[in-house]
Amino acid sequence: MSGEWDDHAKRYAKWSDRQTLPHAQFAFNALEIPVPFSQSAPQHQHSVPVKILDVAAGDGAFALTAARVLLPPPLSSSLENTGPMYQIIATDFSPEMIRILAEKASSQKLRVECRVEDGQPNGIKCIEEMYRVLKPGGKLVFTTWSDSFIPHLLLSSLIEINPSAAITHIASKAISPPPTSPNPPPPKPRWSDPIWLRNIEMAAALSPAPLDTAVALSTATVTVRRHEVAEFAQMVQAGPSVRAAMRAEGWTRDEDWKKVPEGIGRVFEKVYIPTAGSGGEDEVAVPLLSQANVVICIKGVQ
Ligand SMILES: C[S@@+](CC[C@H](N)C(=O)[O-])C[C@H]1O[C@@H](n2cnc3c(N)ncnc32)[C@H](O)[C@@H]1O
């Protein structure tokens with residue numbers, strides 16, 4: 001169901017340059033795709049076209065980064081007749097996300113093929129499927145949130161709006177109940193854990209086995225100015241993936257959830273720090289630490 005993401009798309013796109021773009025750039029650089037063209041002497045130096053498929057592309061943090069580097073505007077048009085050495089395809093199940101992506105590509109004169117496509121909602125199955133469509137030696141790259149600011153911010157906001165629920169949540173993390181069944185369910189995926197991610201091929205049925213799997217940590221700072229706090233807090237609260245993660249944690253009641261922006265507002269008031277040379281209200285900003293795991297698997301040869 002793309003409806004929640006369609007509704008969220010504009011809000012998401014307003015913050016994606018600060019929120020996910022740095023990690024998308026990190027992931028793109030980690031692929032080390034040879035760039036056989038230089039702007040001064042465009043020439044074709046390798047024979048196999050490079051095909052990039054961005055799945056769940058959103059408003060294009062990754063696909064547009066790839067296009068900016070591999071198909072900057074003069075090349076993008078001059079290659080029309082010589083055949084594409086790079087093909088960048090972006091897919092997402094949200095028509096609104098794809099509309100925003102296509103608009104950005106067109107206004108920046110970047111060549112990205114945009115398609116509305118429903119991918120695989122199960123994370124591990126999605127990795128299996130992306131790996132399956134790779135050529136041998138091709139690279140699968142994906143990012144997952146690491147120990148980022150969102151859970152901390154949400155927990156701090158819960159402390160503001162419902163302290164006893166916050167204490168219960170913290171205690172439930174600290175004290176594990178004794179096992180109730182002799183056959184406990186299989187462990188859940190641990191998407192923020194680099195060691196689990198390093199062994200992703202054990203969780204996913206990746207065949208043939210990858211030649212290599214690496215996990216790197218991408219770190220960035222999201223700066224939120226004082227006049228943006230309410231909008232930022234609403235974006236956090238309305239984000240479908242944040243909401244799903246919090247539901248899975250089972251730590252918010254609906255009435256608490258509605259108050260998250262108010263809680264975040266109160267938290268920010270406590271931690272404002274002035275930026276260098278600040279004077280006016282709007283100069284006051286909070287930097288938030290944003291960290292993502294970037295995983296690369298190189299497909300093995302059968
Ligand atoms: C957190 S955003 C990430 C967007 C982008 N990759 C980025 O780094 O900014 C998640 C995206 O996944 C898309 N999505 C979620 N489930 C999907 C599915 N089953 N098939 C295709 N796209 C999906 C959403 O529409 C949304 O654009």
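How much length is gained on full extension from ILE175 to ALA216, taking 0.36 nm per residue of separation minus their Cα-Cα distance?
Difference between extended and current length: 11.7 nm.
Classified by the C-alpha gyration tensor, the chain has an oblate form. Its axis ratio a/c, with a ≥ b ≥ c, is 1.5 or above, and a/b does not exceed b/c. Relative contact order, whole percent, for the chain stands at 24, derived from Cα pairs under 8 Å and 6 or more residues apart. When only alpha carbons are used to place a centre, the range 196-265 and the range 94-134 end up 19 Å from one another. Shown in residue order for the range 26-34 are the 3J(HN,Hα) couplings computed by the Karplus curve 6.51 cos²θ - 1.76 cosθ + 1.60 at θ = phi - 60°: 4, 5, 5, 4, 5, 6, 6, 6, x Hz (x for Gly and Pro). FRET efficiency for the pair ILE124 and ARG99, taken as 1/(1 + (r/R0)^6) with r the Cβ-Cβ distance and R0 = 41 Å, rounds to 0.90.
Tell me the mean residue ellipticity at 222 nm calculated for the chain from its helices only (DSSP H runs of n ≥ 4, each -39500 (n - 2.57), averaged over every residue, nearest 500).
Rounded to the nearest 500, the figure is -13500 deg cm²/dmol.
For a modelled paramagnetic label at ALA230, 7 Å from Cα along Cα-to-Cβ, the residues of the range 253-271 in reach, with backbone nitrogen under 18 Å, are 258-270.
Only the coordinates and a few stated rules stand behind these numbers; no lab work does. On a predicted model such as this, the values are computed, not experimentally measured, just so you know. Quick reminder, even Gly has a Cβ in these numbers, built from the backbone with ideal geometry, and neighbours come from all protein chains shown.
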